[in-house]
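Q: Can you keep this structure in mind? I'll have questions shortly.
The values are calculated or read from the model by the stated rules, or taken from the named source; none is laboratory data. Remember, predicted model here, so these are calculated numbers, not experimental data. All Cβ positions, glycine included, derive from the backbone under ideal geometry; neighbour counts span all protein chains shown. Side chains included, ligands, DNA and RNA excluded: accessible areas come from the protein's heavy atoms. Shrake-Rupley method; radii C 1.70, N 1.55, O 1.52, S 1.80 Å.
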Amino acid sequence: MISWPLKAYEFIKQPTRSTRWRRGRFGFLVVLLAAIVVWPGASMAIEQKGVADIDAGRSADRKERNAAVEEALRNAVETWVAEKQPSQFRNYQQVKPTIDADIESYVLSHQVISTDHDRKTQRYRVVLRATLNEPKLLDALLAASAGAPSGDGSYLTFLFVAREQIGTVTQSEKEATQVKSRTEAISREREENSAAQTRSQEQSVTMRQSERTMRDRALWDVATSNEIDAAMGEVFTDADYLVIDAGIVGGASDYQLNTDSFIEDYRTGSDIRAETKRAAYQGLASLRGTDDEIQYLAIGTLDIEAAELDDKTGNHRVVVAVTGEVWSVLQRGATVAEVGPVTMIGEGPSELVARNNALKAAARRAAGDLVAKLSGRNIR
Amino acid sequence: MAAYGGLPLFAILFSIVFPLRDAFAEQPAYYAGLAFLGDFNYIDTNYPMTQALNAGEGRLDRALVDALEKSPPEHMELRYSLGDLDRTETLVLAVALDRERVSREVLDLSTGVRTKLIVEISLQVLLYELAGGYLVANVPVSAAVNHVLDGNVGDIDDEALALAETLYLGHGGTPGLLEQAVQSIAALEPTDAPGLRYQLASVGIHDRVLPLLPGQIDERLFRQRLGQFFSARLSEHAGVDVIPFTRGYAIGNQLPGRFANGEAFNLELPEPDYAFHVELKNLSRHEQDSNLVFGAQAHLTLEEPFTGSVSIAGDYRAGIFKPAAGLRIESDDWSAYEDAAENLLDDLVTQLRSPDRGWHRQHARVADSYSQFNAKKELFND
């Protein structure tokens, strides 16, 4: 074997960063202990960047730098509302002064990304990434509903049906027409002393064929779903609605609110039929003034697309589109909130996991947007 | 310091906190095994030898677990069970395959025609914060072996596979890659202070480079390879938290699979605080004396995506050489082109942490390149 000089390869590398254990003082240890005890779960915090640009003079002192950081935190919260919770913006405008006055209590931590002090313009700029306390912010936004009763909220029932494509019917149409044409040619020649007459006939038949191809018709399987019910129920309950199962309400309304009708409508069409909606409203309206009174009905549909394999991750991937609306039973069935269509995607190692992730994400999103819009109208 | 019954208050608190400090030091990490970096649909193209060696009973996986059980990590608890995202313990450890490369050249030597075969395998020991979406630590482990065959040998697949097995499992007392990975894991110390996050956000390949790509490598695959290489070097040399270039199979599927929560598969990569962009503008080859010189030119940008502020932007070039150009009957130019591109990226990452005026004078096409790097070097130094 002949050895050739090779580019040098390193077989073992030591990590370049050592553990940054802080050898703190006593006070820090106490803080650390407290932090460990009260550390929030990873799933409760979300991140948002913010920027602030303030007057700072020739050099930004500590007070000005801290003021810039606080302003950037406020900007982060406002950006989060505008980009991630647009349906809450009306609520945000009402509680903004409260949040701004105590901004640090709505932020779990922050990381300064960059600072810049422009001596010419005497402006100090800071860009940071804030970890926001989302549950606390959402609570503050929902509490913005003026006149909302403390403690018990309104009675609400919801009925969302999901349909999943299980096949297609291929359709095409062929038409054929037959065209006959006959040509007749007669010629005559006459010569001196002779006459000839010829006649020829020609008959031709041409076939004209056209083909019309229709888009494949989807076949749907429709059902309610425990994942949807659990996810939506959680959001509505957390927003202080008293959620009554549609099955219970259906019975009380003499089955005019009929889950089977919703399912059948969505299996065969693209929407819930007017008759079904009318019957549902009349059923709930009939409960007015009784112990079974329901103030709000939320209905909606979810379309579950066929799973695909994501060529990047190898995961199964399911797309779900959701629409929904809330009626006020006490106001003649007026629509007081609408959402969608909103598309959410779920991934997972199997179709089932991907589908459940997509359904939960879509249900939470739809319910969250409906709650935000209801809150914006002081409905709670 | 207050005293209480002769026992200082500090000691009481110390005895409460110190065990917690140990528990915190013993950060649990969930073991994800042998993983494959890059897109799922490129796995067969990228890693045929590893797949063949690990097929069936997972020979490489078993060898890795056996070695880890004999030499467990010193600074963290490695768990083989499933984790729970809601418990804030979301570190995952994987030995991720980064590259398999086989290079074949035919040379006309004084002793006759010979086929030179080089097999190279690169792994990355990844410690990944799944909920946060960034690399906590990244240690490369790679090795190569060369082999010479008599004559002009066309079909080298079996030989290459045997050499790959030697690289993984070791030979003649020399530890293999798996053993070396385990030694790296044993010494790995997880950081407890996440900082700024960086990402190579995009890789562009100029049109003039595309004709040089060999048949089995398309543009997207090449972009991923460069992206993975740069990200690994950034994490290793600059010591910063790096968001992977792409979710791919390892980050999007294999690592989340170590958690019992279905939502783990829905986690997206976060936005970086600072983003790099690389455009590979040219690859060149020319003879110089008796050597072949392979050069790479690239444009590098460093920006803050939230504000759009650009701190580094410039064109750079660097080259590598291969000796004894005249002896080659068949040359594997592609490996050399790739090495040239990676060498340039490696140099650029090194310059981020420790800019060198001489390097910039020689390799940068922008006059204030050194100043740009020098102004931002504190981002890459603790």
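Q: How many times 2.2 N^0.38 Å is the alpha carbon radius of gyration of the stretch B:37-136? Could you put the intermediate results ahead of the total?
A: On the way: Rg = 18.9 Å, N = 100, 2.2 N^0.38 = 12.7 Å.
It is 1.49.
Q: If you find the alpha carbon centre of the stretch B:234-311 and of the stretch A:76-117, how far apart are they in angstrom?
A: Using only Cα atoms to place each centre, the spacing works out to 31 Å.
Q: Shifting gears a bit: Could you list the square roots of 5 times each eigenvalue of the Cα gyration tensor of the stretch A:216-323, that is, the equivalent ellipsoid semi-axes, sorted largest first and rounded to whole Å? The partial results should precede the final answer.
A: Numbers: eigenvalues 193, 70, 17 Å².
They are 31, 19, 9 Å, listed from largest to smallest.
Q: If each of B:Arg79 and B:Ser309 carries a label point 7 Å out from its Cα toward its Cβ, how far apart are those two points in nm?
A: Inter-label distance under the simple model: 4.0 nm.
Q: By per-residue mean of other Cβ atoms within 10 Å, what is the highest-first order of B:285-298, B:37-50?
A: B:37-50, B:285-298
Q: Next up: Do any trypsin sites (Lys or Arg not before Pro) in the stretch A:59-167 lie in a loop, going by DSSP, with at most 16 other beta-carbon atoms within 10 Å of their beta carbon, and if so which?
A: A:Arg119, A:Lys120
Q: Between 0 and 90 degrees, rounded to the nearest ten: what's the tilt of helix B:177-187 against the longest Cα principal axis of chain B?
A: 30 degrees
Q: Taking the alpha carbon gyration tensor of chain B, what are the square roots of 5 times its eigenvalues, largest first, to the nearest whole Å?
A: Semi-axes (√(5λ), whole Å): 39, 28, 19.
Q: Something else: When only the heavy atoms of the protein chains count and the probe is 1.4 Å, how do B:Met76, A:Met344 rank by accessible area, highest first? Mind dumping the intermediate values first?
A: On the way: B:Met76 5, A:Met344 45 Å².
Result, largest first: A:Met344, B:Met76.
Q: A further question on this structure: Calculate the translational D of the stretch B:1-194 in whole µm² s⁻¹ from Stokes-Einstein, where the hydrodynamic radius comes from the Kirkwood formula applied to all Cα pairs, the temperature is 4 °C and the viscosity 1.567 mPa s.
A: Answer from the Stokes-Einstein relation: 66 µm²/s.
Q: Multiply the residue separation of A:Phe89 and A:Gln122 by 0.36 nm, subtract the distance between their alpha-carbon atoms, and state the gained length in nm to one decimal.
A: Fully extending the segment from A:Phe89 to A:Gln122 adds 8.6 nm.
Q: With +1 on the Cβ of every Lys and Arg and -1 on the Cβ of every Asp and Glu, and nothing else charged, how large is the dipole of the stretch B:134-281 about its Cα centre, in debye rounded to the nearest 20?
A: Working: 9 positive and 19 negative charges, 86 e Å.
With Lys and Arg at +1 and Asp and Glu at -1, about 420 debye.
Q: In vacuo Debye scattering of the stretch B:116-215, one point per C-alpha: log10 I(q)/I(0) at q = 0.17, 0.25 Å⁻¹?
A: With one equal scatterer per Cα and no solvent, log10 I(q)/I(0) is -0.96, -1.22.
Q: Taking the Cα centre of the stretch B:1-194 as origin, work out the dipole magnitude from +1 charges on Lys and Arg Cβ and -1 charges on Asp and Glu Cβ, in debye rounded to 20.
A: 360 debye
Q: Quick one: of B:Lys70/B:Lys116; A:Lys49/B:Lys377; A:Lys84/A:Lys360; A:Lys312/A:Lys360; A:Lys84/B:Lys377, which pairs are farther than 29 Å apart, Cα to Cα?
A: With Cα atoms farther than 29 Å apart: B:Lys70/B:Lys116; A:Lys84/B:Lys377.
Q: I would also like to ask the following. Taking each residue of A:307-320 in turn, how many C-beta atoms of other protein chains fall within 10 Å of its C-beta, and what is the average?
A: Details: counts 0, 0, 2, 8, 5, 13, 14, 11, 9, 2, 1, 0, 0, 0.
Mean inter-chain Cβ contacts per residue within 10 Å come to 5.
Q: Suppose only helical runs count, i.e. DSSP H with n ≥ 4. What mean residue ellipticity at 222 nm does that imply for chain B under -39500 (n - 2.57) per run, divided by all residues and rounded to the nearest 500 deg cm²/dmol?
A: When only DSSP H runs of four or more count, the value is -9500 deg cm²/dmol.
Q: Am I reading the A/B interface right? What is its buried accessible area, both sides, 1.4 Å probe, to the nearest 100 Å²?
A: Interface between A and B: roughly 5600 Å².
Q: Okay, moving on. Given that compact globular proteins tend to follow 2.2 N^0.38 Å, what is the ratio of the alpha-carbon Rg of the stretch A:42-142 to that value?
A: Here the Cα radius of gyration is 1.11 times the empirical estimate.
Q: Averaged over peptide B:177-190, how many Cβ atoms belonging to another chain are found within 10 Å of each residue's Cβ? Don't skip to the answer; put the middle values down first.
A: Working: counts 1, 0, 2, 4, 1, 0, 2, 5, 0, 0, 4, 3, 7, 3.
Neighbouring Cβ atoms belonging to other protein chains average 2 per residue here.
Q: Students often forget the sequence filter, so: which aspartates and glutamates lie under 17 Å Cα-Cα from B:Lys281 once same-chain residues fewer than 8 apart are removed?
A: The reachable aspartates and glutamates, counting only those whose Cα sits under 17 Å from B:Lys281, are B:Asp207, B:Asp218, B:Glu219, B:Asp315, B:Glu338, B:Asp339, B:Glu342, B:Asp346, B:Asp347.
Q: Quick one: putting +1 on the C-beta of Lys and Arg, -1 on the C-beta of Asp and Glu, what dipole do you get for the stretch A:42-142 around its Cα centre, in Debye to the nearest 20?
A: So the magnitude is around 280 debye.
Q: A drop of at least 50 square angstrom in accessible area, chain alone versus all protein chains together, probe 1.4 Å. Which residues of the stretch B:246-278 meet that?
A: Listed by number, the residues meeting the 50 Å² cut-off are B:Glu263, B:Phe265, B:Asn266, B:Asp273.
Q: Right, next: Rounded to the nearest 0.05, what FRET efficiency do B:Arg208 and B:Asp346 have when you use their Cβ-Cβ distance and R0 = 30 Å?
A: 0.85
Q: Could you work out which residue, out of B:Leu123, B:Leu177, B:Leu149, moves most in a Gaussian network model of chain B, that is, has the largest mean-square fluctuation with Cα springs under 10 Å?
A: B:Leu149
Q: A further question on this structure: Place +1 on the Cβ of every Lys and Arg and -1 on the Cβ of every Asp and Glu in chain B, take the dipole about the Cα centre, and give the residue among B:Tyr42, B:His360, B:Asn54 whose Cα lies farthest towards its positive end.
A: The Cα lying farthest towards the positive end belongs to B:His360.
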